[in-house]
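A quick write-up on the structure given underneath.
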Amino acid sequence: MKKKKEIQNQKGMTRREFIVKTGTATGAALVTASVGPFVHTTMAKGGTLKVCSYGGSYQESQRKALIQPFADKFGVKIIEASGPDIAKVKAQVDAKSFEWDVVDLETRHIARGELENLLEPIDTNVVNLEGIDKKAIRKAAVGNIFWTTSLAYNKKALGDKKACASWADFWDVKNFPGPRALQDQAPFNLEFALLADGVPMDKIYPIDVERAFKKMDAIKEHITVWWKNGAQQIQLLTSAEAHYASAWNGRVNVAQKKNVPLEIVWEGGCLDLDWWAVPKGNPNRDLAMKFINFAISAERQGEQMQKFIAYGPTNLKAFNYITPERAKELPSFPDNLKKQFAHDADYWGPNLAPLTEKWKTWIIS
Amino acid sequence: MEAAENIMPVESASGSLWHRPAFKQFILVVPALLALFLLFVYPISSILIKSLFSPEFTLKHYLYFLKTPLYSRVLWITFQISVLSTLSALVVGYPIAYVLRRARPGVRNFFLLAITLSFMISLLVRNYSWIIVLQRSGVVNSVLTYLGLIDSPFKLLHNKLGVMVGMTHIFVPYIVFPIYSVMMGIDLNLEKAAQNLGASRWQTFWRISFPLSLPGIGAGALLVFIMALGFFITPALLGGRKEQMISNLIQIQVVDLLNWPFASALSVILLLATLVVFAIYNRYLGVERLWGGVKT
């Protein structure tokens, strides 16, 4: 309740007060930024907010475009953490001791969190969902980026050979030879197998498990590497250990900017999201919702995707702040969007456990 | 020690608690006992409880382990990889310890320092270094191709061989030190005596040096084997599709599927399997040897 009052006070301050306060806040933030980037100390009049995300260049883009501006604008002290997962959220909710107020989570974690009632419903009185793509709206989470897992290849390694243009080509090892890599997990791969087998994009879910595994059998012995983490996919493609691999578009983009000759095939890509969510029962819920509202605004997302990272804004109006050249590199650019299918969190929620078991049994035999 | 105690006057039991030597000694171990309880007994018991009660007593998680072939198969793979990497670390580590024992002190200290330094390089860095060395376009294959010795690159990575190389590299220091310290306690005059009595170098090694160094081999092998059972980063990065470890399946159950009771059951099963190995070791070699004692 106290926090709510403070927020209201902030809304009620005069223009001069605002300028003075923001000035001090920015000054303080600049000082602390030189000490360490992870604690954004300000006057802390607006309270303290603990944000957890996936680290690396991704969290850096959030820090620059979302977190620091929020801290400056509302005089909130923000403490950042990295390495979220739903298991840690459950531990916090069970213990009623919250290390995170706002947490960035992948879809499978959100789906599991909703199934087990570990997340606060989104307060639509605070969070303005206007302009947000409807794929990015769930009961207890709002999407903050679109990202794509798709087919990528090393142009230089292929030489003058024709490159794969779809998952069907990827499966066609005769006409498109070369070492290949896929991720060691059921999600995405089963969908790609169905696409390669001729299933239209809108008929992928619910997954025909037998058909998908039968198609996986056909490619199994041709996969040289089953990658396990995000760093590996780019390392494999860059060193040409694999000429083709499923990969995440943001990582491919970073490599491209470093002049690595990688290309991404949008055709048949799996469009997925990262989400903002609030652990259930968190006493700092109101401020957390306020942060989410700020972070999904068109202007903030526009700056984040234009300047700092090549993911897709979930707020479609954000494209107003993004140049046309840049927009073409992003997963939710309309031309790229129509070539992809959306990852179905509601299908995977209850099916992840049995299909993971089936996948692991399949892969060791 | 015993002689000293006999000479020193033993304080009478009638003295206050504070003045009893046994109590003073006990006070010294209290921090260690507390740490052991908080960091070991408590977490392991809570895992055991979590695997058996949800919330009523149930064996369903253990039955699920038994009736789903995946988990016992992966446990078996884990054992195979652990045994193989322990053996390979022994084959590499034993000669190092043997040579160090007989080297001049300067040379010996240099190599001991070098081995200690390898503890300080992060696991991930070492794994990625092996990727650079072993991959298709890596150092080994490039050199062999350049020399014209091979036409197409060897597959050295993303298979069992890659895992063996990576895990051996990590485990060798853990094997070298116990063997080396046991060897330091062996009187080299015994070897001279054997040779003096007509034994060949090979006979001297097999019948004198090797049996005397066995406690070191046992200690090092047990340490490494138990570490290997819980490994999963190295097999994940350097292995192929078949090199799956049980700890990886436990992690999926904890992080992705939130099935903590089943994850706990898997952990308890892994712990039990480890204890079985420990018991076998104790039966044949004796746990006392781990800390340098002699089996009685």
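The values are calculated or read from the model by the stated rules, or taken from the named source; none is laboratory data. For clarity, every value in this text was computed on a predicted model and none was experimentally measured. Cβ placement follows ideal geometry from the backbone for every residue including glycine, while neighbour counts extend to all protein chains displayed.
Brief remarks follow.
- Taken over the range A:182-215, the criterion of being closer than 17 Å to A:ALA345 by Cα and either not assigned by TED's automatic domain parsing to the domain that holds A:ALA247 or not in a loop (DSSP other than H, G, I, E, B) (or both) is satisfied by A:ASN189, A:LEU190, A:GLU191, A:PHE192, A:MET201, A:ASP202, A:LYS203, A:VAL209.
- Any hit, the range B:226-244, residues being closer than 30 Å to B:GLU56 by Cα, buried (at least 19 other Cβ atoms within 10 Å of the Cβ) and in contact (Cβ under 8 Å) with a residue 24 or more places away in the chain: no
- Qualifying positions in the range A:343-365 - away from every other protein chain (no Cβ under 14 Å) and surrounded by fewer than 16 Cβ atoms within 10 Å (Cβ to Cβ): A:ASP346
- Selection of the range B:113-133 for residues being under 25 Å from the mean Cα position of the chain (by Cα), free of Cβ contacts under 8 Å to residues at least 40 places away in the same chain and assigned to a helix (DSSP H, G or I) yields B:LEU113, B:ALA114, B:LEU117, B:VAL125, B:SER129.
- One residue alone among B:PHE79, B:PHE65, B:PHE53, B:PHE40 is surrounded by fewer than 11 Cβ atoms within 10 Å (Cβ to Cβ) and not acidic (Asp, Glu), and that residue is B:PHE40.
- Given (1) within 13 Å of chain B (Cβ to nearest Cβ); (2) touching a Cys at 6+ places or on another chain (Cβ under 7 Å), number of the condition A:VAL265 does not satisfy: (1)
- The range A:164-181, subset within 12 Å of another protein chain (Cβ to nearest Cβ) and in a loop (DSSP other than H, G, I, E, B), residue surrounded by the most Cβ atoms within 10 Å (Cβ to Cβ): A:GLY178
- Restricting B:TYR42, B:TYR62 to residues that are out of contact with any helix residue (DSSP H, G or I) (no Cβ under 8 Å at 6 or more places or on another chain) and of a type in the set (Ser, Thr, Tyr) narrows the list to B:TYR42.
- Only residues that are surrounded by fewer than 20 Cβ atoms within 10 Å (Cβ to Cβ) and within 11 Å of chain A (Cβ to nearest Cβ) were counted in the range B:261-273, giving 0.
- Residue that is farthest from A:VAL142 (Cα to Cα) [pool: residues in the range A:311-342 that are acidic (Asp, Glu) and surrounded by fewer than 19 Cβ atoms within 10 Å (Cβ to Cβ)]: A:GLU325
- Residue, nearest to the chain's Cα centre (by Cα), within the range A:305-320, restricted to residues that are within 15 Å of A:VAL254 (Cβ to Cβ) and part of a helix (DSSP H, G or I): A:MET305
- Given (1) closer than 16 Å to A:ASP274 by Cβ; (2) buried (at least 20 other Cβ atoms within 10 Å of the Cβ); (3) of a type outside the set (Val, Ile, Thr); (4) more than 13 Å from chain B (Cβ to nearest Cβ), index of the condition A:ARG112 fails: (4)
- Selection of the range B:187-210 for residues being within 30 Å of B:SER82 (Cβ to Cβ) and in contact (Cβ under 8 Å) with a residue 60 or more places away in the chain yields only B:SER209.
- Considering residues of the range B:45-88 that are among the aromatic types (Phe, Trp, Tyr) and closer than 29 Å to B:ILE170 by Cβ only, the residue farthest from the other protein chains (Cβ to nearest Cβ): B:PHE79
- Residues that are in contact with a Pro (Cβ under 8 Å, 6 or more places away or on another chain), within 30 Å of A:ALA295 (Cα to Cα) and not hydroxyl-bearing (Ser, Thr, Tyr) do not occur anywhere in the range A:152-160.
- Taking residues in the range A:343-365 that are over 30 Å from B:ASN159 (Cβ atoms), and partners anywhere that are acidic (Asp, Glu), the pairs with Cβ atoms closer than 7 Å and at least 6 places apart or on different chains are A:HIS343/A:ASP272.
- You will find that of A:TRP147, A:TRP171, the residue that is over 23 Å from B:HIS158 (Cβ atoms), touching a helix residue (DSSP H, G or I) at 6+ places or on another chain (Cβ under 7 Å) and touching a residue at least 40 places away in the same chain (Cβ under 8 Å) is A:TRP147 and no other.
- Being within 19 Å of the chain's Cα centre (by Cα), surrounded by fewer than 22 Cβ atoms within 10 Å (Cβ to Cβ), within 14 Å of another protein chain (Cβ to nearest Cβ) and not in a strand (DSSP E or B) is a description that applies to A:ALA231.
- Looking only at residues in the range B:99-158 that are farther than 26 Å from B:PRO235 by Cβ and polar (S, T, N, Q), the one that is farthest from the other protein chains (Cβ to nearest Cβ) is B:ASN109.
- Selection count where residues are over 19 Å from A:GLY83 (Cα atoms) and either hydrophobic (A, V, I, L, M, F, W, C) or within 9 Å of chain A (Cβ to nearest Cβ) (or both), scope the range B:228-238: 6
- Subset of the range B:245-260 [under 19 Å from A:VAL89 (Cβ atoms), within 9 Å of chain A (Cβ to nearest Cβ) and assigned to a helix (DSSP H, G or I)]: B:ILE252, B:GLN253, B:VAL254, B:VAL255, B:ASP256, B:TRP260
- Which numbered condition A:ALA193 misses (of (1) in contact with a strand residue (DSSP E or B) (Cβ under 8 Å, 6 or more places away or on another chain); (2) buried (at least 22 other Cβ atoms within 10 Å of the Cβ)): (1)
- Selection count where residues are hydrophobic (A, V, I, L, M, F, W, C) and out of contact with any helix residue (DSSP H, G or I) (no Cβ under 6 Å at 6 or more places or on another chain), scope the range A:113-141: 5
Residues checked against (1) free of Cβ contacts under 8 Å to residues at least 24 places away in the same chain; (2) assigned to a helix (DSSP H, G or I):
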| position | (1), (2) |
| --- | --- |
| A:GLY46 | no, no |
| A:VAL51 | no, no |
| A:GLN62 | no, yes |
| A:ALA71 | no, yes |
| A:ALA87 | yes, yes |
| A:TRP100 | no, no |
| A:GLU114 | no, yes |
| A:ASN117 | no, no |
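- The residues on offer are A:ALA163, A:ALA141, and the sole one that is touching a residue at least 40 places away in the same chain (Cβ under 8 Å), touching a strand residue (DSSP E or B) at 6+ places or on another chain (Cβ under 8 Å) and not assigned by TED's automatic domain parsing to the domain that holds A:GLN62 is A:ALA163.
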